[in-house]
1. Tally time: how many residues in region 304-319 are in contact (Cβ under 8 Å) with a residue 60 or more places away in the chain and of a type in the set (D, E, K, R)?
2. Mind listing whichever residues of region 299-317 are part of a helix (DSSP H, G or I) and within 27 Å of the chain's Cα centre (by Cα)?
3. Inside region 219-298, counting only strands (runs of 3 or more DSSP E) that do not spill past its ends, which hold 3 or more residues that are touching a residue at least 60 places away in the same chain (Cβ under 8 Å) and buried (at least 20 other Cβ atoms within 10 Å of the Cβ)?
4. Of the residues in region 208-218, how many are open to solvent by 10 Å² or more (accessible area, probe 1.4 Å) and in a helix (DSSP H, G or I)?
5. So how many residues does region 135-151 have that are surrounded by fewer than 16 Cβ atoms within 10 Å (Cβ to Cβ), outside any loop (DSSP other than H, G, I, E, B) and at pLDDT 95 or above?
6. Anything in region 181-198 that is under 30 Å from Asn311 (Cβ atoms) and buried (at least 19 other Cβ atoms within 10 Å of the Cβ)? List them, or say none.
7. Considering each of Ser208, Ser282 in turn, give the residue that is under 30 Å from Pro35 (Cβ atoms) and of a type in the set (Ser, Thr, Tyr).
8. Of everything in region 217-242, what is modelled with pLDDT of 95 or more and of a type in the set (D, E, K, R)? Give them in sequence order.
Amino acid sequence: MSPWVDFRVLRQGLQVLTSYRVPLKRVGHHQLRGPCPLPTHGSERSRESFSVDTAKNVWACHSASCCEARQGRVGGNVLDLVALLEGCSIRQAALHLQDGWCSWRAGSRVWEHQRASKGSPGSSRPGPPPRRLPFSLRLRWHPYLEERAVHPSTAAWFGVGYYAGAGFLRHRIVFPIHDNEGQLVAYAGRSIDGSEPRYLFPPGFRKSQVVFNLHRAVGEAAGCAIVVEGFFDCLRVHQAGYRNVVALMGANLSDAQEKLLLERLRQLVLMLDGDEAGRRASQQLAARLGGKVSLSMVGLPSGRQPDQLSNEEIERILCRAGGALGA
């Protein structure tokens with residue numbers, strides 16, 4: 001039997017979308033305005049053509065091209081917005097809301113952009129901290145995790161699993177991302193069929209503001225952490241017995257990530273990928289962090305990355321670093 005959806009309650013009783021982090025600013029008592037988040041708007045985001053009326057619980061985009069792409073419709077309610085953002089039907093959008101994929105809260109405070117920094121989305125400069133998500137996804141085990149040598153206990157520890165619901169994470173392996181205080185701030189999805197992009201992050205989320213698994217790693221090994229690039233690298237090193245492992249979600253270290261690490265850790269072990277890009281990044285990070293923290297680098301076999309190594313290989317490589325690693 002299909003689940004019952006009360007569209008009237010969803011339209012009238014739910015007011016604010018938090019999960020998309022649309023950066024709007026107040027321009028009136030009930031009016032907010034900012035760049036349009038809709039895929040129909042194209043690549044130009046500089047104009048503040050998107051507005052929200054929090055009293056009427058409606059939105060509008062006044063860009064002529066955006067309206068034309070939506071068959072002349074100027075705006076709509078929350079269900080219309082989610083349907084456009086997720087590329088789904090109105091009913092599917094309602095199910096997203098009802099099941100907790102998109103969490104809505106009354107009041108306009110969560111729409112407003114906290115302009116704590118002028119850093120742009122592509123900048124490494126610190127920006128506003130990621131917003132905490134007041135919901136969680138329903139994830140399950142998938143054979144792809146076994147193919148990547150992830151044990152069920154490791155997946156359960158990190159909360160990683162397959163998402164079968166609707167939305168941009170559909171049919172992907174999903175990784176919950178937490179801030180340094182352990183609060184859930186985003187989900188990332190990895191394709192399992194080789195399709196591109198391999199990884200997807202929520203619109204507006206800046207991975208440069210977070211270090212993956214930092215909230216768990218800081219208490220594991222006396223102020224020392226192993227730094228890897230990716231999610232699966234982190235899971236694999238943890239699985240080998242080194243729970244003080246963190247991931248940059250890439251080979252670059254942003255200013256915000258550097259601050260998060262240096263404020264909480266006194267020793268870092270760089271364990272980036274063994275390809276040319278990873279080795280070059282290791283050298284750059286070593287030069288950048290030298291003198292700021294006790295630092296060591298470990299070299300991986302050429303062309304390999306941590307998630308491709310056995311427990312024995314990881315232990316042998318990390319034994320060279322010494323310090324407070326303690327498997």
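1. The total comes to 2.
2. Taking region 299-317 and keeping what is part of a helix (DSSP H, G or I), we get 306-308, 311-317.
Answer for region 299-317, where residues must be part of a helix (DSSP H, G or I) and within 27 Å of the chain's Cα centre (by Cα): Pro306, Asp307, Gln308, Ile314.
3. Working: elements: 224-228, 245-247, 267-270, 294-297.
Because the criterion is at least 3 residues that are touching a residue at least 60 places away in the same chain (Cβ under 8 Å) and buried (at least 20 other Cβ atoms within 10 Å of the Cβ), the strands (runs of 3 or more DSSP E) in region 219-298 that meet it are 224-228.
4. Within region 208-218, the first condition is being open to solvent by 10 Å² or more (accessible area, probe 1.4 Å), and the residues that meet it are 208-209, 215-216, 218.
Checking which are in a helix (DSSP H, G or I) leaves us with 208-209, 215-216.
Of the residues in region 208-218, 4 are open to solvent by 10 Å² or more (accessible area, probe 1.4 Å) and in a helix (DSSP H, G or I).
5. Total meeting the criteria: 4.
6. Ala186, Tyr187, Ala188, Gly189, Arg190
7. Working: Ser282 fails: under 30 Å from Pro35 (Cβ atoms).
Only one candidate passes the filter, namely Ser208.
8. Answer for region 217-242, where residues must be modelled with pLDDT of 95 or more and of a type in the set (D, E, K, R): Glu229, Asp233, Arg236.
The values are calculated or read from the model by the stated rules, or taken from the named source; none is laboratory data. The structure displayed is predicted, hence computed values, not measured ones. Methodologically, a virtual Cβ is constructed for each residue, glycine included, from the backbone with ideal geometry; neighbour enumeration extends over all protein chains shown. What goes into the accessible areas is simple: the full protein's heavy atoms, side chains included, and nothing from ligands, DNA or RNA. Shrake-Rupley method; radii C 1.70, N 1.55, O 1.52, S 1.80 Å.
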